[in-house]
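Laboratory data are not the source of any read-out in this text; all were calculated from the coordinates shown. Computed from a predicted model, the values in this text were never measured in an experiment. Using ideal geometry, Cβ is built from the backbone for each residue, glycine included, and neighbour counts are taken over all protein chains shown.
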Amino acid sequence: IARNSGRMERLVADLLRLARLDAGQEGLNLTVCSIESLFASVVSALTPLIDAKEQRIEIAVHISAETITADSNKLHDALSNLVENAVHYTPSGTVIHLAASCHKESLELSVADRGPGVPDTDLTRIFERFYRVDGSRARARDQGGTGLGLAIVKHLVGLHRGSVRAANREGGGTVITIELPVSGKRSEVPTS
Ligand code: ATP
Ligand code: MG
C-alpha cells in the first residue's frame, strides 16, 4: 500500500508540474550557478539511491564550463531526473559520468551510463509523456517510474531556450546531453 500510494503521489506531482509548465506558470529565477555545486547537490540528494545500487559517480567539469546563468533549482530538477534514470536503468556496480563542457555558443551538461542503452528508434520518443522503452517497462514499473521524467526535463531545458538529446555510447550505455545557450552570459561581458 505504501509503495503504491508513493507512486500515485509522484504521478500526481509530475502531472501537476507538467500542467504548470504547459500553462507557462513557472518563470525563470536566473542566477550565476556553479556547475560543480549543482552536480554535487544532485549527487548528494540521490546518495541513498546511488549507494543502494552500488553505483559510482564520476564528475568532470571543464574549466571553461564552471558557471552558467540559469535557474539553479530547475537545472537541479532536470539533472536529478537524468541521474535517477541512469541509476534505475543500469546494472549495479557501474559508473555514471556527469560532465560539463563549453562550446562556441552553448554549455553542455551530460549524464552517461553503462546500461542497456535505448533502441535507436526510441531515442527521440523517450522525451514524450508516458513513453517508456518496452524492455525496461516491467523493471521500471517496479521502481515506480511513470514515464514523465524526461518530458519534464525537456520542458525545464526549453524554458532556458536549450535542448536535450539522447544517444547511445560507444561500448554500450546511454548519454543524455542538455545543451544550454550561453549568449546571456556573454552579453554581460563588456565589448570594446
Ligand atoms: P519517471 O516519470 O519516474 O521518470 P520513467 O523513468 O519511466 O518514469 P522517463 O524518465 O521519462 O520515465 O524515461 C522514459 C523511458 O526512457 C524510461 O522508461 C526508459 O525506458 C528509458 N530511459 C530513460 N533513461 C534511460 C537510461 N539512462 N538508460 C536506458 N533507458 C532509459
Ligand atoms: Mg525517469
Dipole-positive endmost among Ser110, Leu180, Gly24 within the chain (Cβ charges, Cα centre): Gly24
Using the Cα centre of region 65-137 as the reference point, and only Cβ charges (+1 on K/R, -1 on D/E), how large is the resulting charge dipole? Debye, rounded to the nearest 20. 180
Comparing Asn85, Asn168, Asn29 in a Gaussian network model of the chain (Cα, 10 Å), the one with the largest mean-square fluctuation is Asn29
Using +1 at the Cβ of each Lys and Arg and -1 at the Cβ of each Asp and Glu in the chain, identify which of Ala60, Ser34, Gly171 lies farthest towards the dipole's positive end. Gly171
Quick calc, the chain, dipole around Cα centre from Cβ unit charges on Lys, Arg (+) and Asp, Glu (-), nearest 20 debye, gives 440
